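Read through the structure below, which is laid out as structure tokens, and then see the notes.
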Amino acid sequence: EAGVTQSPTHLIKTRGQQATLRCSPISGHTSVYWYQQALGLGLQFLLWYDEGEERNRGNFPPRFSGRQFPNYSSELNVNALELEDSALYLCASSLLTQSTVNTEAFFGQGTRLTVV
Amino acid sequence: SQQGEEDPQALSIQEGENATMNCSYKTSINNLQWYRQNSGRGLVHLILIRSNEREKHSGRLRVTLDTSKKSSSLLITASRAADTASYFCATAKYGNKLVFGAGTILRVKS
């Protein structure tokens, strides 16, 4: 069974541009989470999508946005890129139902975004 | 911002020794999870312990949870060079909106 896949692996953008990162969850998983791992700031929760809806959002500005498609894959968009957005962006998926509140998240290998 | 702290920040041991990492958190939780990260890539899930559990084992891993002290520990027994990685604890109150600790860098020397 394929794990969580993210693309691209690496992305280099210029300040002010937009970046689009993609994530395919494990088959059957309806929840997708995005995390940012920036140097010195650790792993921080960005966004949570489930069944196509945004369920929760971390403490990030509105230029970080995303969506979840009917096949549960997800896209993270970062507009007006700033140098500080350089980080590893990790996507995770899990199954969330009333009876699976305590289930682990499975992570992809990440997209390393560099803003120059 | 990080919910909790992990200590030590870095740990260097010889192959065959045990490694213990500690994690503290601040708010109530549904579960606490431990992850491993190799060379700044994806996170590998190691173990999940529910808030009503006190200890859990998985192979060479042993995790304890003390909700009264809001702390957890991860013990890796008989460490191997391949265990060299960063280890993170993460707490979940709802779904997998995880709040991560700062992590412990473990180096196992052969």
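The values are calculated or read from the model by the stated rules, or taken from the named source; none is laboratory data. Since the model is a prediction, treat every value here as computed from it, not as a measurement. Cβ placement follows ideal geometry from the backbone for every residue including glycine, while neighbour counts extend to all protein chains displayed.
Couple of notes before you dig in:
- Filtered residues of the stretch A:29-43 (kept if of a type outside the set (Phe, Trp, Tyr) and either under 14 Å from A:Leu113 (Cα atoms) or part of a loop (DSSP other than H, G, I, E, B) (or both)): A:His29, A:Thr30, A:Gln36, A:Gln37, A:Ala38, A:Leu39, A:Gly40, A:Leu41
- Listed by position, the strands (runs of 3 or more DSSP E) contained in the stretch A:58-116 that have at least 3 residues being in contact (Cβ under 8 Å) with a residue 60 or more places away in the chain are A:87-94, A:111-115.
- Residue ID - modelled with the lowest pLDDT, chosen from residues in the stretch B:1-27 that are part of a loop (DSSP other than H, G, I, E, B) and closer than 20 Å to B:Ser68 by Cβ: B:Gln3
- Residues of the stretch B:65-101 that turn out to be out of contact with any Cys (no Cβ under 6 Å at 6 or more places or on another chain), within 11 Å of another protein chain (Cβ to nearest Cβ) and within 11 Å of B:Met21 (Cβ to Cβ), as a count: 2
- Considering A:Leu21, A:Leu11, the condition of being away from chain B (no Cβ under 12 Å), in contact with a Pro (Cβ under 9 Å, 6 or more places away or on another chain) and touching a residue at least 60 places away in the same chain (Cβ under 8 Å) is satisfied by A:Leu21 alone.
- Meets criteria (surrounded by 19 or more Cβ atoms within 10 Å (Cβ to Cβ) and among the hydroxyl-bearing types (Ser, Thr, Tyr)) for A:Ser65: no
- Exactly one residue out of A:Asn79, A:Asn56 is within 12 Å of chain B (Cβ to nearest Cβ), more than 26 Å from B:Ser39 (Cα to Cα) and of a type outside the set (A, V, I, L, M, F, W, C), and it is A:Asn56.
- Hits in the stretch B:60-110 - residues which are within 22 Å of B:Gly16 (Cβ to Cβ), of a type in the set (A, V, I, L, M) and assigned to a loop (DSSP other than H, G, I, E, B): B:Ala78
- Flag if B:Lys93 is at pLDDT below 95, within 24 Å of A:Gly58 (Cβ to Cβ) and exposed (fewer than 14 other Cβ atoms within 10 Å of the Cβ): no
- Members of the stretch B:21-44 that are of a type in the set (Val, Ile, Thr) and surrounded by 15 or more Cβ atoms within 10 Å (Cβ to Cβ): B:Ile29
- Note on the stretch A:10-28: residues that are part of a strand (DSSP E or B) and over 26 Å from A:Ser94 (Cα atoms) amount to 2.
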